[in-house]
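What follows is a single structure, written as structure tokens, with notes after it.
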Amino acid sequence: MSTRAIYPGSFDPVTLGHLDIIHRSANIVDELYVAVLNNQQKNPLFSVEERVEMLKETTATLSNVIVTSFQGLLVDFAKRVDARLIIRGIRAITDFEYELQMAQTNRIMEHGLDTMFLTSSLEYSYLSSSTVKEVAMLGGDISHFVVPAVARKTREKFCERS
Ligand code: COA
């Protein structure tokens, strides 16, 4: 039986930390859905379409990765694509409580939907999309945090805005 998993998130924008989790997960499961949450409550820098596009570009070499978006409950999306596994990255102990709460809630809502945690690689354990955006907004170098195409698009966004 093949394993189909979902790696959900906001990816605003995708960082090297996310890519680390995507590459490692794609080596573990047969098929990986990288699913961008269309979250009305957040005020993202990039549209869902732009985030999906950036993820497609940065994962183009991974043949078992499918990039898509979803809105509503993650458990409903998992049912739609027939996935029984969610993957999340844990960067530090501070991520754990929130992640545990989500994993337990999802498992209660959809019995049999499990969450697998990957510890993020040490060099990315400090990284978040907000940090990337803040550094870019203040004119700093974000090349250590994102791939060149994403760095360019992030800089362009802030140029458009100013
Ligand atoms: N490397 C770098 N950064 C990482 C990371 C990693 N490995 N893992 C997480 N992050 C960062 C993200 O960049 C993001 O940073 P930001 O807050 O500065 O933007 C932050 O951690 C958390 O983002 P993300 O992983 O995208 O999660 P989220 O909290 O935005 O969304 C969902 C999590 C999508 C899984 C969750 O909200 C969800 O399932 N929503 C659907 C609705 C639902 O089902 N709700 C009930 C859930 S119980």
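The values are calculated or read from the model by the stated rules, or taken from the named source; none is laboratory data. None of the values given here were measured: they were computed from a predicted structure. Here Cβ is always computed from backbone atoms with ideal geometry, including for glycine, and neighbour counts include all displayed protein chains. Accessible surface areas use protein heavy atoms only, side chains included; no ligands, DNA or RNA. Shrake-Rupley method; radii C 1.70, N 1.55, O 1.52, S 1.80 Å.
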Charges on Cβ only, +1 for Lys and Arg, -1 for Asp and Glu, centred on the Cα centroid of the chain; of H18, I93, F46, which one is farthest towards the dipole's positive end? F46
Between the modelled labels at I66 and S2 (7 Å from Cα along Cα→Cβ) the distance in nm is 0.9 nm
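Averaged over all directions, how much area does the convex hull of the C-alpha atoms of the range 98-156 cover when projected, in nm²?
Average of the hull's projected areas for the range 98-156 equals 5.7 nm².
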Let me have the relative contact order for the range 69-128, percent, based on Cα pairs under 8 Å that are six or more residues apart. 42 percent
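Less than 13 Å Cβ to Cβ from S2, Lys/Arg counted +1 and Asp/Glu -1: what total charge do the surrounding residues give?
Numbers: positive: R4, R84; negative: D30, E31, D82.
So the surrounding residues net to -1.
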Summed side-chain charge close to T58 - residues other than T58 whose Cβ falls under 12 Å, Lys, Arg +1, Asp, Glu -1: 0
In nanometres, the difference between 0.36 nm per residue of separation and the alpha-carbon distance of R152 and E50 is 35.4 nm
Of the peptides 64-72, 28-36, how do they stack up when ordered by the mean number of other Cβ atoms within 10 Å, highest first? 28-36, 64-72
Once you have the Cα-Cα distance between Q40 and T119, take 0.36 nm times their residue separation minus that, and quote the gain in nm to one decimal. 25.6 nm
Roughly how many Å is it from the Cα centre of the range 1-69 to that of the range 79-123, as a whole number? 15 Å
Radius 14 Å from Cβ of S120, net charge of other residues (Lys, Arg +1; Asp, Glu -1): -1
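With +1 on each Lys and Arg Cβ and -1 on each Asp and Glu Cβ, how big is the dipole of the chain about its Cα centre, in debye rounded to the nearest 20?
140 debye
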Contact order normalised by length for the chain, with contacts defined as Cα pairs under 8 Å and 6 or more residues apart; what percent is it? 28 percent
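Students sometimes get this wrong: rank H23, H18, H144 by accessible area, probe 1.4 Å, all chains present, largest first.
In descending accessible area the options line up as H144, H23, H18.
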Please report, for the Cα atoms of the chain, the Rg to one decimal and the Dmax as a whole number; what are they, in angstrom? 15.6, 52
